[in-house]
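The values are calculated or read from the model by the stated rules, or taken from the named source; none is laboratory data. Keep in mind that this is a model prediction, so the values were computed, not measured. We place every Cβ from the backbone using ideal geometry, glycine too, and count neighbours over all the protein chains shown. Heads up: the accessible areas ignore ligands, DNA and RNA and are worked out on the full protein's heavy atoms, side chains in. Shrake-Rupley method; radii C 1.70, N 1.55, O 1.52, S 1.80 Å.
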Amino acid sequence: MSSRKLLVHRLIKGWLYQYGVIKSIADWTVMLYIIIPAITIFSFVYHSWWSEIPKWMENVPFFLLFLLLYLLTWNGHIRTYTEAADRVFLMKKYTLFWGLKKWGYGYSLMYQTVLTLASFAILLPFLLNLYHFDWKQIGTLLFYFISLKTGLMFIKYQFVKIETRFKKFVYSVLTFILAGWLSQLIYFLWEIGLWFPLYLIGVLIMSSSIYLSLRALKKLSSTDHEIEIEQKLKTGNIELIFAMAPEIEKPVVTKRTKPLLFRQSKRIFKNRTQSNGFIELFIKVFLRNYSYVSGYIVMINVTTFAIVLLPPLWIKITIFTGYLFMMYFWISVIWDRIMGTNPMMKKYLESPSYFTAKKKVIMVLYIIAIMLLLLYFLFAITLYSRFGLGV
């Protein structure tokens, strides 16, 4: 079997696997009543954008769409379609193994290019009819974002090799800022019509990224990291399902030798009551677990974006009301998961101090969630008024 046929075989196997994952949650009733109507509605809405620009887009500056495209550029990884068994078999056949990696990398570039084209296609009615850009301007931006995505894919491939989560976070933030500054420079050059330096930067980014990526992929020492990337991407949809289902336990595996918070496990409360002991235990477990904290923040952020972006007032009120119920229920579920599943807590589940601690924790986190939502919403209103938009 050639390396190209091996890639096609693994692509088909991967597609069937993802289809099985989607089919496990989206049966024919979901497809019939949710997914198909959603696709149909979006088709009609997108068609209407070509005939008439929505009023909510009339005062949106193009820089916000440029920022959106920059954020979308961060999506995408280098894929080699290597598997754990390749350590034993394919590594002995270097030509076949290297061919698989090259074809996989080429497919990754092509796939991410298609996604970037799709993003521009969705925004095309606004680019042509609202901002009145010509095809040269649109094509130049498209070329830059494709080249930037090529570079970011290589950088994210290198980030996988970083062991500690803190270092990975710091490097990611620095890369995000530096790439943001570069994009601001590109936006300035594009706005004043300096095409040559813009094309030159794009060519340098793309060519150097492809060269460095192929050079890194050629090393057999990177095989373990490539297998790790493939495993994460393969189970990405499953993790998304877990994140949306709070009743499913999601253990977090960390490479940190010591917890980031409460390393010495010191006491939080000076008053050592049984109720404070329960609260202290919950706080330490909650803050040390990334999935709990991220779920808490994601619910707040998603609700904020929904309230800000959906214009009718009755929809905003409905979303906020649903948020109040869902957040209270989610915090209660997290408390029961942390405290109720601990074998040492079984004998305390019926004690009055246990229920007192539970009520205090739920109420405090609930109030903080509401305050953060209002704070984010006020920030969004200020930002929108700064650009002359309506909320």
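The single condition among (1) part of a helix (DSSP H, G or I); (2) farther than 30 Å from Pro61 by Cα; (3) not aromatic (Phe, Trp, Tyr) that Leu174 does not meet is (2). For first residues located in segment 198-227 and touching a residue at least 12 places away in the same chain (Cβ under 8 Å), partners that are of a type in the set (Lys, Arg) and not in a helix (DSSP H, G or I) and lie 6+ apart or on another chain with Cβ distances below 9 Å form the pairs Ser222/Lys161; His225/Lys161; Glu226/Arg79.
Listed by first and then second residue, the pairs linking a residue in segment 161-178 that is closer than 14 Å to His225 by Cα to a residue that is of a type outside the set (S, T, N, Q) and part of a helix (DSSP H, G or I), with Cβ atoms under 8 Å apart and 6 or more places separating them unless they lie on different chains, are Lys161/His225; Ile162/Lys168; Ile162/Tyr171. Right, Thr140: open to solvent by less than 40 Å² (accessible area, probe 1.4 Å) and within 25 Å of Leu11 (Cβ to Cβ) or not? No, not satisfied. Under the condition of being part of a helix (DSSP H, G or I), under 23 Å from the mean Cα position of the chain (by Cα) and surrounded by 19 or more Cβ atoms within 10 Å (Cβ to Cβ), the residues counted in segment 72-87 number 1. Step by step: first the residues of segment 143-158, then only those that are open to solvent by 30 Å² or more (accessible area, probe 1.4 Å) and either over 12 Å from Gly76 (Cα atoms) or of a type in the set (Asp, Glu) (or both), then the one that is modelled with the highest pLDDT. Which residue is that? Among residues in segment 143-158 that are open to solvent by 30 Å² or more (accessible area, probe 1.4 Å) and either over 12 Å from Gly76 (Cα atoms) or of a type in the set (Asp, Glu) (or both), the one modelled with the highest pLDDT is Phe143. Per the listing Leu174, Leu128, Leu212, the residue uniquely out of contact with any strand residue (DSSP E or B) (no Cβ under 8 Å at 6 or more places or on another chain), farther than 29 Å from Thr95 by Cα, open to solvent by less than 80 Å² (accessible area, probe 1.4 Å) and modelled with pLDDT of 90 or more is Leu128. The set of residues in segment 329-384 being within 30 Å of Asn59 (Cα to Cα) and at pLDDT below 85 consists of Tyr376, Phe377, Leu378, Phe379, Ala380, Ile381, Thr382, Leu383, Tyr384. The C-beta contact set for segment 298-317 (first residue within 14 Å of Ile381 (Cα to Cα), second residue modelled with pLDDT under 75 and open to solvent by 90 Å² or more (accessible area, probe 1.4 Å), distance under 6 angstrom, 6+ apart or interchain) comprises Pro311/Trp56.
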